[in-house]
1. Residues that are more than 28 Å from LEU190 (Cα to Cα), hydrophobic (A, V, I, L, M, F, W, C), surrounded by fewer than 16 Cβ atoms within 10 Å (Cβ to Cβ) and in contact (Cβ under 8 Å) with a residue 12 or more places away in the chain: does the stretch 235-243 have at least one?
2. Restricting attention to the stretch 98-123, which residues are outside any strand (DSSP E or B), farther than 14 Å from ARG62 by Cβ and at pLDDT 90 or above?
3. How many residues does the stretch 256-292 hold that are among the hydroxyl-bearing types (Ser, Thr, Tyr) and in a helix (DSSP H, G or I)?
4. Assuming ARG140 fulfils every condition listed in (1) over 21 Å from GLU187 (Cα atoms); (2) not in a loop (DSSP other than H, G, I, E, B) apart from one, which condition is it?
5. What are the pairs, 6+ residues apart or on separate chains, where a residue within the stretch 264-283 that is buried (at least 16 other Cβ atoms within 10 Å of the Cβ) has its Cβ under 7 Å from a residue that is part of a loop (DSSP other than H, G, I, E, B) and not hydroxyl-bearing (Ser, Thr, Tyr)?
6. Right, ARG173: of a type in the set (Lys, Arg), more than 30 Å from ARG104 (Cβ to Cβ) and touching a Leu at 6+ places or on another chain (Cβ under 7 Å) or not?
7. Looking at ARG156, ARG173, which is the one that is farther than 30 Å from VAL59 by Cβ and without any contact (Cβ under 8 Å) to a residue 40 or more places away in the chain?
8. Any residue in the stretch 124-133 that is closer than 27 Å to VAL49 by Cα, in a helix (DSSP H, G or I) and under 15 Å from the mean Cα position of the chain (by Cα)?
Amino acid sequence: MPRKMPPPTGPGPSALGKAGALMSRAFAGIGILTLAPLLVAGSFICGFVDTKGRPLKNVETRLTAIQTDSLEPLPPLYRKSTDEGTVEYPELLSGQYVLEVQLRGYVPLRKVLTAGVDVGLRRTLLKTNDFERVEKQAHRALDEGEYVEAIDGLSRLASHYPEDAVLHDGLARAYAGLLDGQKALEEARLAASLDPEKFADAERRIRKTILRNEGEQALQSFNLKVAEAAFEALRDLEPTDSVAYEGLALAYGHQGKLEQAVSSIRKAIELDPDNPNLEQIQRVLEGQTGGN
């Protein structure tokens, strides 16, 4: 879920709609800085509509400089959308900014933009209830293995909120379920780039999921060489994953590699001692080797 917009830091009001005094100070600061004309990159205009294409007025926005040519910190700038649903930030200094957008009853958004490069933005804001309904359905489908349905719902949300790392992580898991490794890893990397603190390990986690799914599907179709290769790769990637050793035990066992199979199932039990299925596999394998 997209997070609520954090409150402004430093001096000024706690809500975007009460920022008149701060805005005037912000413009005064920019007026001084624009004496050096090479620093000015241009204007940024954004427009907001609902799902029916109707303009949304009184959308609160905050633009915060995160890296500019200015030698002094710049205060945040505040705007509300007009009756036409538009907001304009004129004469921005060169550099990067964070645009934060919110409107009561709608899902907020946050976007990093570069002045002079990102000159316009048009976004459809979704009502919070509608967003949560679709997201809940998509994650239920994901948990139930209905990956195509999950991708459909998450993709529709991500088309409106492409900066939402949670949506891209869900898409990565869904594509991994379909064994579409390329798309799964692309989505995982995007989630990590958007929220490195929360999704730093997304790519590794998705690689593990892909290998598990490949191995399990190969076992079910009795494609034992493919299963063996997938579970060996999983073991190398995550040496403490009991699923890798369980899969290897089954793949080795079906190929008559009984010593390797017994060694693998013992390692799986060591890692997951409370799993009764592993003990059953061990009994079968050791029975075939005479209990050695």
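1. No, the conditions are met nowhere in the stretch 235-243.
2. ARG104, GLY105, VAL107
3. Adding up the residues that qualify gives 2.
4. (1)
5. Pairs that qualify, where the first residue is buried (at least 16 other Cβ atoms within 10 Å of the Cβ) and the partner is part of a loop (DSSP other than H, G, I, E, B) and not hydroxyl-bearing (Ser, Thr, Tyr), are LEU278/ASP272.
6. Numbers: of a type in the set (Lys, Arg): yes; more than 30 Å from ARG104 (Cβ to Cβ): yes; touching a Leu at 6+ places or on another chain (Cβ under 7 Å): yes.
Yes, satisfied.
7. On the way: ARG156 fails: farther than 30 Å from VAL59 by Cβ.
Matching residue, one of ARG156, ARG173: ARG173.
8. Step one: of the stretch 124-133, the residues closer than 27 Å to VAL49 by Cα are 124-133.
From what's left, in a helix (DSSP H, G or I): 128-133.
Next, from what is left, pick out any that are under 15 Å from the mean Cα position of the chain (by Cα): none.
There is no residue in the stretch 124-133 that is closer than 27 Å to VAL49 by Cα, in a helix (DSSP H, G or I) and under 15 Å from the mean Cα position of the chain (by Cα).
The values are calculated or read from the model by the stated rules, or taken from the named source; none is laboratory data. The structure presented is a predicted model; accordingly, all values stated were derived computationally and were not measured. A quick note on method: Cβ atoms are made from the backbone with ideal geometry, for glycine too, and the neighbour counts reach across all protein chains shown.
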